[in-house]
Amino acid sequence: VQLQASGGGLVQAGGSLKLSCAASGRTFRAFVMGWFRQTPMKEREFVAAIRWNTGTTRYTDSVKGRFTISRDNAKNTVFLQMNSLKPEDTAVYYCAADSDSYYLSSSTSAYDYWGQGTLVTVSS
């Protein structure tokens with residue numbers, strides 16, 4: 001199973017970016033997909049998660065109303081639409097897959113597979 005994240009870049013505060021995470025592999029099956037982010041000074045933190053079958057979502061408080069997670073089941077792809085970006089959103093963003101549970105976990109330990117990360121830089 002491979003997860004390929006893309007879509008990061010440099011944007012001004014108040015701008016938008018859309019991240020994508022494409023999953024591949026013949027035996028790929030995930031119940032939940034998540035987005036996390038990490039800066040050099042912090043541990044990896046939860047951003048959002050979505051349940052594949054129902055589309056149910058969960059967000060960390062700091063991104064509610066600004067970020068939207070969605071999925072395209074046919075393409076095994078998950079998206080993170082990020083609007084009204086702030087400098088504090090600057091981080092490497094990682095997508096992850098949980099193949100064991102339908103629970104929308106915010107814990108990194110719940111996720112089995114990880115993408116390589118894509119850098120998002122928000123300038124003030």
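Within the set Leu85, Leu80, the sole residue that is open to solvent by less than 60 Å² (accessible area, probe 1.4 Å), touching a Leu at 6+ places or on another chain (Cβ under 9 Å) and either at pLDDT below 95 or part of a loop (DSSP other than H, G, I, E, B) (or both) turns out to be Leu85.
Looking across the range 58-77 at every residue that is assigned to a strand (DSSP E or B) and open to solvent by 60 Å² or more (accessible area, probe 1.4 Å), the one that is farthest from Thr118 (Cα to Cα) is identified as Arg58. For Gly34, state whether it is at pLDDT 95 or above, among the small types (Gly, Ala, Ser) and either over 12 Å from the mean Cα position of the chain (by Cα) or open to solvent by 20 Å² or more (accessible area, probe 1.4 Å) (or both). So Gly34 does not fit the description; no.
With the requirement that a residue be part of a loop (DSSP other than H, G, I, E, B) and either small (Gly, Ala, Ser) or exposed (fewer than 11 other Cβ atoms within 10 Å of the Cβ) (or both), what does the range 37-52 give you?
Within the range 37-52, Pro40, Met41, Lys42, Glu43 qualify.
Mind checking which residues of the range 88-108 are farther than 19 Å from Val122 by Cα and open to solvent by 60 Å² or more (accessible area, probe 1.4 Å)? Once the filter is applied, which keeps residues that are farther than 19 Å from Val122 by Cα and open to solvent by 60 Å² or more (accessible area, probe 1.4 Å), the range 88-108 yields Asp100, Tyr102, Tyr103.
Filtering the range 16-36 to residues that are outside any strand (DSSP E or B) and either among the hydrophobic types (A, V, I, L, M, F, W, C) or farther than 15 Å from Thr68 by Cβ (or both) leaves Gly25, Arg26, Thr27, Phe28, Arg29, Ala30, Phe31. Hey, can you tell me all the residues within the range 18-31 that are surrounded by 14 or more Cβ atoms within 10 Å (Cβ to Cβ), more than 18 Å from Gly7 (Cβ to Cβ) and touching a Ser or Thr at 6+ places or on another chain (Cβ under 7 Å)? Once the filter is applied, which keeps residues that are surrounded by 14 or more Cβ atoms within 10 Å (Cβ to Cβ), more than 18 Å from Gly7 (Cβ to Cβ) and touching a Ser or Thr at 6+ places or on another chain (Cβ under 7 Å), the range 18-31 yields Ala30, Phe31.
The values are calculated or read from the model by the stated rules, or taken from the named source; none is laboratory data. Quick caveat: nothing in here was measured; it's all calculated off a predicted structure. We place every Cβ from the backbone using ideal geometry, glycine too, and count neighbours over all the protein chains shown. Accessible surface is based on the protein model in full, side chains and every heavy atom, while ligands, DNA and RNA are left aside. Shrake-Rupley method; radii C 1.70, N 1.55, O 1.52, S 1.80 Å.
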